Amino acid sequence: MAAESTIYASQLRLELCLRNRAYCKALSHVESYGSMPVIVYEPSPDGSRHGNFSDRAYDAIRSRPEWFRRFAKVHAQAKRALPKSQRGWRELDSSMSSDALLMNVFCYPGVCDDARVADMLGVEKGLIPEFGFRAKVPLASGGVDRTEVDMRLGTLLVESKLTEGDFQSKSAEVVEAYRDFEEVFDHRQLPHTDDVYASYQLIRNVLAAHALECSFCVLHDGRRPDLREAWFAVMSAVKSGDLRRRCKVLTWKELSAALPSDLQAFLDVKYGITPPGVSPSAVPGWPLD
C-alpha cells in the first residue's frame, strides 16, 4: 500500500505541476527548487487577487477575517525549497495545497447554499464553513487533542486530501491514549504494526465525530484510489453501525458535478477536476507517453 500511495501521489503531483505551469503565466508566482518544481503563488501587488484561488473565492475569503486568517500558516518547506520572499510563503500559496482546494470550493459564493451540494454532504444548505476546526478529541488522561480538522460545516467534519502521501502514521502509545479508542474501534482490524497505526488522521477524525456526535467526510481526488482503500480499511474496524453510517467518502470529481460552471472551469484547468463523464482539459506534456 505504501508503494502504491507513493506512485499515485507522485503522478498527481506531476500532473498538477504541469497544469499550474501552464496556468500561472500571467500570475504572480515562483517555482520551488528540485527536480519537480512546484508552482507557488503570491498575492497581486494590490492584494486583490491570488493565483492559487479563483477571484470570487478569494474575494469571499478576504471579506471574512476568520477565513483570511488561514493565510497565517507558514509554508513548512519555505526556507529550503523556495526563493526568499519579503512577505513570507504560506501553506495556502502552494498549488499542491489540499486546504487551498477546499477553500476554493467552499468559500465560492453560493456553493454552501446549493441544495445539491448539501445533499451530497448530508447537511443543511446555507451553513458557513469553519476552517481549521479544533475538535478537542478527548484523551483518556482527561485532556484533549488540539489538532485541527480541515473544515467543519454544521455537524459535518471534513478531511481534505489532494497530493499528500497518506493519512499519516502514529505510534500506538499516542493512538491508544484517546479516551474512546477501545469503544469505537476493534483495534485488531485497524492497519497497524506492533507499535504504529497507519491512517492516524482517519482514526482521530472518526473519534472526533463520535465525541461530538457529528458526521465525517473525507474529500479526496479520484486519481488517488489508495486513499479510498485506506478509508475502507479504517471503516471496517469501526464497531458501531450508526457511526459507520455517519462517515462517508467523496471525490472532488463527484462533488464538482454540483458546483457552479465558472468554478468547474477553474477546477478543470488548474486541477484537472471535472464532473463525472467530462474529460479534463488538455495540458502540455500530460499524460506521459
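The values are calculated or read from the model by the stated rules, or taken from the named source; none is laboratory data. Just so we're clear, the structure is a prediction, and the values are computed from it rather than from any experiment. Note that each Cβ is placed from the backbone with ideal geometry, even for glycine, and that neighbours are counted across all protein chains shown. Heads up: the accessible areas ignore ligands, DNA and RNA and are worked out on the full protein's heavy atoms, side chains in. Shrake-Rupley method; radii C 1.70, N 1.55, O 1.52, S 1.80 Å.
With θ taken as phi - 60° and the Karplus curve 6.51 cos²θ - 1.76 cosθ + 1.60 applied, the whole-hertz 3J(HN,Hα) list for segment 139-147 is 9, 5, 6, x, x, 9, 7, 9, 5 Hz, x standing for glycine and proline. The base-10 log of I(q)/I(0) for the chain, evaluated at q = 0.07, 0.13, 0.15 Å⁻¹, reads -0.26, -0.94, -1.25 [Debye formula, identical scatterers on Cα atoms, solvent excluded].
With r defined as the distance between the Cβ atoms of Ser281 and Lys73 and R0 fixed at 41 Å, what FRET efficiency is calculated, to the nearest 0.05? Once the sixth-power term is evaluated, E becomes 0.85. Projected area of segment 78-191, taken from the Cα convex hull and averaged over every viewing direction, in nm²? Reported value for the Cα convex hull: 10.3 nm².
When all protein chains stay in place and ligands, DNA and RNA are ignored, the 1.4 Å accessible-area order of Asp226, Asp55, Asp262, largest first, is Asp262, Asp55, Asp226.
Evaluated with a Cβ-only charge set (Lys, Arg +1; Asp, Glu -1), segment 207-289 carries a dipole of roughly 320 debye about its Cα centre, given to the nearest 20.
Excluding Ser279 itself, calculate the net charge of residues whose Cβ lies under 13 Å from the Cβ of Ser279, where each Lys or Arg counts +1 and each Asp or Glu counts -1. That works out to 0. First check a/c for segment 245-289, with a ≥ b ≥ c the square roots of the eigenvalues of its C-alpha gyration tensor; if it is under 1.5, answer rounded, and if not, answer prolate when a/b is larger than b/c or oblate otherwise. Oblate shape, in that a/c is at least 1.5 and b/c is the bigger or equal ratio.
The long axis of helix 200-212 is offset from the longest Cα principal axis of the chain by roughly 70 degrees.
Set the Cα radius of gyration of segment 208-289 against 2.2 N^0.38 Å, with N its number of residues, and you get 1.37. Give, as a single signed number, the net charge of other residues whose beta carbon lies under 15 Å from the beta carbon of Arg245, with Lys and Arg counted +1 and Asp and Glu -1. That works out to +2.
Mean silhouette area of segment 94-138, derived from the convex hull of its C-alpha atoms and averaged over all directions, reads 4.3 nm². Of the beta bridges in the chain, as assigned by DSSP with both residues counted there, near 70 percent are antiparallel.
Restricting the chymotrypsin sites (Phe, Trp or Tyr not before Pro) of segment 1-54 to loop positions (DSSP other than H, G, I, E, B) with no more than 12 neighbouring Cβ atoms within 10 Å leaves Tyr33. Of the trypsin sites (Lys or Arg not before Pro) in segment 198-289, the ones in a loop by DSSP (not H, G, I, E or B) with at most 15 other beta carbons within 10 Å are Lys239. Charge tally for Thr193 (other residues, Cβ to Cβ under 15 Å; Lys, Arg +1; Asp, Glu -1): -3. Candidate cross-link partners of Lys270 among the aspartates and glutamates, defined by an alpha-carbon separation under 14 Å and a same-chain spacing of 8 or more, comprise Glu15, Asp55, Asp93, Asp221, Asp262. Selection among Ile128, Leu92, Thr163 by position relative to the dipole of the chain gives Leu92 as farthest towards the positive end (Cβ unit charges, Cα centre). The fraction of Cα-Cα pairs per 10 angstrom bin, counted from 0 for segment 1-112, comes to 13, 44, 33, 9, 0 percent, rounded to whole percents. Using the Cβ-Cβ distance between Asp262 and Asp46 with R0 set to 25 Å, the FRET efficiency from 1/(1 + (r/R0)^6) comes to roughly 0.65. A straight Cα-to-Cα reach below 13 Å connects Lys79 with the aspartates and glutamates Glu91, residues fewer than 8 places away in its own chain not being considered. Identify the trypsin sites (Lys or Arg not before Pro) of segment 1-68 meeting these criteria: DSSP loop state and at most 14 other C-beta atoms within 10 Å of the C-beta. Answer in residue order: Lys25.
Translational diffusion coefficient of segment 172-227 (Stokes-Einstein, Kirkwood radius from Cα pairs, 25 °C, 0.890 mPa s): 198 µm²/s. Solvent-accessible surface of the chain, taken per residue with a 1.4 Å probe and all protein chains present: 47 Å². Placing a pseudo-label 7 Å from each Cα along the Cα-to-Cβ vector at Arg87 and Glu229 gives an inter-label distance of 4.0 nm. Taking a point 7 Å from the Cα of Asp55 along the Cα-to-Cβ direction, the residues of segment 261-275 with backbone N closer than 16 Å to it are 261-267. Translational diffusion coefficient of segment 145-289 (Stokes-Einstein, Kirkwood radius from Cα pairs, 20 °C, 1.002 mPa s): 129 µm²/s.
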